[in-house]
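Engineer: Have a look at this one.
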Amino acid sequence: MAELVCSTTRGAASRASLELLRERGVEPAVVEYLKEPPDRATLERILDAVPDPPAALVRHDGRFAELGLDRDAYESREAVVGLLLEHPELMERPVVLAGARGVIGRPPERVLDVLD
């Protein structure tokens with residue numbers, strides 16, 4: 001069973017990822033992490049599944065800047081988990097998980113990597 005972890009399915013990348021999955025006959029469980037913030041175990045599971053470095057899971061957007069955060073302070077796994085526990089809105093999205101595999105869906109076509 002695949003999971004699509006996103007802030008909302010209205011976002012362009014999340015919509016595109018969901019569409020790609022559905023076109024391949026996959027109906028993922030959708031987790032809107034702003035409504036159901038991830039706990040430490042969930043964040044650890046995502047980091048275990050996604051092959052990218054931990055820092056890739058952090059959005060460096062306007063909210064990141066608004067909080068006055070330093071990009072270099074959030075490179076390690078523990079720092080990323082701590083940040084996302086406190087500020088789940090900074091999690092890069094969407095994330096697609098399928099078993100022990102996962103991927104950040106940017107660009108959306110990357111979600112196909114977990115279906116092989």
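Throughout, read-outs are computed from the coordinates displayed, never taken from laboratory work. What you see is a predicted model; the values in this text were computed from it and never measured. In this analysis, Cβ positions are derived from the backbone assuming ideal geometry, glycine residues included, and neighbour counts consider all displayed protein chains.
Engineer: Which of these, 58, 26, 81, has the largest mean-square fluctuation under a Gaussian network model of the chain (Cα springs below 10 Å)?
Structural biologist: 26
Engineer: A further question on this structure: Among 96, 81, 54, which residue has its Cα positioned farthest towards the positive end of the charge dipole of the chain, with +1 placed on the Cβ of Lys and Arg, -1 on the Cβ of Asp and Glu, and the dipole taken about the Cα centre?
Structural biologist: Of the candidates, 96 comes out farthest on the positive side.
Engineer: Which residues does the label zone of residue 112 cover in region 1-40, counting backbone N under 18 Å from a point 7 Å along Cα→Cβ?
Structural biologist: 13-28
Engineer: Work out the charge dipole of the chain with +1 on the Cβ of Lys and Arg and -1 on the Cβ of Asp and Glu about the Cα centre, then indicate which of 107, 69, 43 is farthest towards its positive end.
Structural biologist: Of 107, 69, 43, it is 107.
Engineer: Please give the length that would be gained between residue 59 and residue 8 if that part of the chain were fully extended, namely 0.36 nm times their separation in residues minus their C-alpha to C-alpha distance (nm, one decimal).
Structural biologist: Separation in residues times 0.36 nm, less the Cα-Cα distance, equals 16.8 nm.
Engineer: Helix 77-86 versus the longest principal axis of the chain: what angle, 0 to 90°, nearest 10, using Cα atoms?
Structural biologist: 90 degrees
Engineer: With a sphere of radius 13 Å drawn around the Cβ of residue 8, what net charge do the other residues whose Cβ falls strictly inside it have (Lys, Arg +1; Asp, Glu -1)?
Structural biologist: That works out to +1.
Engineer: Quick one: if the Förster radius is 25 Å, what FRET efficiency do residue 85 and residue 15 give, using the C-beta to C-beta distance and rounding to 0.05?
Structural biologist: 0.40
Engineer: State to the nearest 20 debye the size of the charge dipole of the chain about its Cα centre, where the only charges are +1 on K and R beta carbons and -1 on D and E beta carbons.
Structural biologist: Magnitude of the dipole: close to 300 debye.
Engineer: Once the Cα atoms of helix 12-23 and of the chain are each reduced to a long axis, what angle between those two axes, in degrees from 0 to 90 to the nearest 10, is obtained?
Structural biologist: Once rounded, the angle reads 30 degrees.
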